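The values are calculated or read from the model by the stated rules, or taken from the named source; none is laboratory data. These numbers were taken from a predicted model, which means no experiment stands behind them. Here the Cβ positions follow ideal geometry from the backbone for every residue, glycine too, while neighbour counts run over all protein chains shown. When the accessible area is computed, the model is the full protein with side chains, heavy atoms only, and any ligands, DNA or RNA have been set aside. Shrake-Rupley method; radii C 1.70, N 1.55, O 1.52, S 1.80 Å.
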Amino acid sequence: MKLSKKGEYALMAMIYLSFNKAKSVTIHQIAKSEQIPIKFLEQIMLELKKAGLLKSRPGVGGGYSLIRPPEEISLADVIRVIDGPLAPLNCVSKRAYVKCPQEKCCRLREVMLHVRNAIAGILENVTFADICKEKK
């Protein structure tokens, strides 16, 4: 797993929304606060909305907000939407598994499985509520 700049910005936007969970927030507010290019953020927010993590409300007083409470959204949920599987190799992925012809004799597979489990073990168990608590 490699976290892209897009993935990093998505996490930053979700943290901002988690701190403001009671209200809708505009893209301009997020972009200004988190110093994210607005056009890039628009693409990210649409992807997160399409994935069912965000909802939007048009018009005055509109903006984006979380669909579920921050306690129910893990860092892994967002990373998978933006950057894909957490596994470093497809043959050890739970959600994007691809059979490898060398799977039974591959000496890397076992190590990469441990890497995948360690990464997933952390990112699936840290929610945006946890991040917000740490920052206070």
Between Val111 and Asn90, what FRET efficiency follows from the Cβ-Cβ distance if R0 is 25 Å, with the result rounded to 0.05? 0.95
Calculate how steeply helix 5-19 sits against the longest principal axis of the alpha-carbon atoms of the chain, using the helix alpha-carbon long axis, and give the answer as 0 to 90 degrees to the nearest 10. 50 degrees
In region 1-110, which chymotrypsin sites (Phe, Trp or Tyr not before Pro) fall in coil by DSSP and have 13 or fewer other Cβ atoms within 10 Å? Tyr97
Region 94-136: C-alpha gyration tensor shape, a/c 1.5 cut-off, then a/b vs b/c: prolate
If r is the Cβ-Cβ distance from Leu46 to Ile122 and R0 is 30 Å, what FRET efficiency results, to the nearest 0.05? 0.65
Please state the relative contact order of region 1-128 as a whole percent: Cα pairs under 8 Å, 6+ residues apart? 27 percent
In a Gaussian network model of the chain with springs linking alpha carbons closer than 10 Å, the residue among Val111, Val78, Val25 that fluctuates most is Val111
Which of Lys2/Lys133; Lys49/Lys99; Lys55/Lys133 exceed 27 Å between C-alpha atoms? The answer is Lys49/Lys99
By how many degrees, 0 to 90 and rounded to 10, does the Cα axis of helix 38-50 deviate from the longest principal axis of the chain? 70 degrees
Give the residue list of trypsin sites (Lys or Arg not before Pro) in region 1-54 that are DSSP loop and have at most 12 other beta-carbon atoms within 10 angstrom. Lys2, Lys23
Leaving out ligands and nucleic acids, and using a 1.4 Å probe, what accessible area per residue does region 3-124 come to in Å²? 59 Å²
Take the alpha carbon gyration tensor of region 36-136, find the square roots of its eigenvalues, order them as a ≥ b ≥ c, and report rounded if a/c is under 1.5; if not, report prolate when a/b exceeds b/c, else oblate. prolate
With the crude spin-label approximation of a point 7 Å out along Cα→Cβ, what separation in nm comes out for Lys99 versus Lys2? 2.9 nm
